[in-house]
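Here the structure comes first, spelled out in structure tokens, and everything after it is commentary.
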Amino acid sequence: MTAVYIILAILVAIALWVAAIYNRFIRLRTRADEAWSDIDVQLKRRYDLIPNLVNTVSGYATHEKDTLQKVTNARTSAMSAQTVADHAKAENALSQTLKSLFAVAESYPDLKANTNFLELQRELSDTENKIQASRRFYNTNVRDLNIGVDSFPQNIVANMFKFAKKEFFELGEEAAREPVQVKF
């Protein structure tokens with residue numbers, strides 16, 4: 001009879017361990033999803049600022065239509081990205097086109113003095129900083145989830161319940177070294 005109690009106690013302990021690990025994975029996945037939501041909010045804010053910035057610049061730099069079109073196209077591509085990797089690639093392209101836009105703005109002293117342009121620059125700079133902070137928060141949560149999915153014996157529970165690793169949101173080498181310059 002005591003052997004039955006011992007086996008029952010072991011089964012209960014295993015069930016409690018699986019439940020605890022399962023709940024941990026739920027927490028980790030939810031935190032990673034929440035962190036991605038934070039990035040998404042900041043990216044949408046960035047996307048909303050860009051048309052205003054393009055309109056302000058276009059009023060001063062009418063013959064720079066090619067640069068303005070590239071910014072608009074990059075914004076559209078970034079907004080339609082589906083995966084984390086697609087977002088990273090599109091955001092890198094958008095950052096590069098924004099650098100071109102600000103380089104164009106350097107040639108127009110009246111534009112650099114425009115209060116609307118200066119306010120848009122300040123907001124974009126603030127948004128870039130928030131994106132960077134949100135990206136670090138997301139990558140930290142993804143790291144924790146991925147470690148759990150790969151670690152033994154937690155990986156047994158992860159495989160049983162189909163918990164999968166998530167992609168990091170990483171900017172390319174160039175974008176990481178050269179942030180978008182928004183100050184004059």
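Among 101, 159, 137, which residue has its Cα positioned farthest towards the positive end of the charge dipole of region 2-177, with +1 placed on the Cβ of Lys and Arg, -1 on the Cβ of Asp and Glu, and the dipole taken about the Cα centre? Checking the options against the dipole of region 2-177, the answer is 159. Listed cross-link partners 44/162; 70/165; 65/130; 44/166; 89/130; 89/162 are compared with a 26 Å cut-off, the Cα-Cα value being larger for 44/162; 70/165; 65/130; 89/162. Estimated from helical segments only, the mean residue ellipticity of the chain at 222 nm is -28500 deg cm²/dmol, where each DSSP H run of four or more residues counts as -39500 (n - 2.57).
Charge dipole of region 29-175 (Cα centre as origin; +1 on each Lys and Arg Cβ, -1 on each Asp and Glu Cβ, all else neutral): 320 debye, rounded to the nearest 20.
Rg then Dmax, both in Å and based on the Cα atoms of region 2-177: 23.5, 89.
Values in this text are rule-based calculations from the coordinates and carry no lab data. Predicted model only: the values in this text are computed from it and were never measured. Don't worry about glycine lacking a Cβ; one is built from the backbone with ideal geometry, like all the others, and counts go over all protein chains shown.
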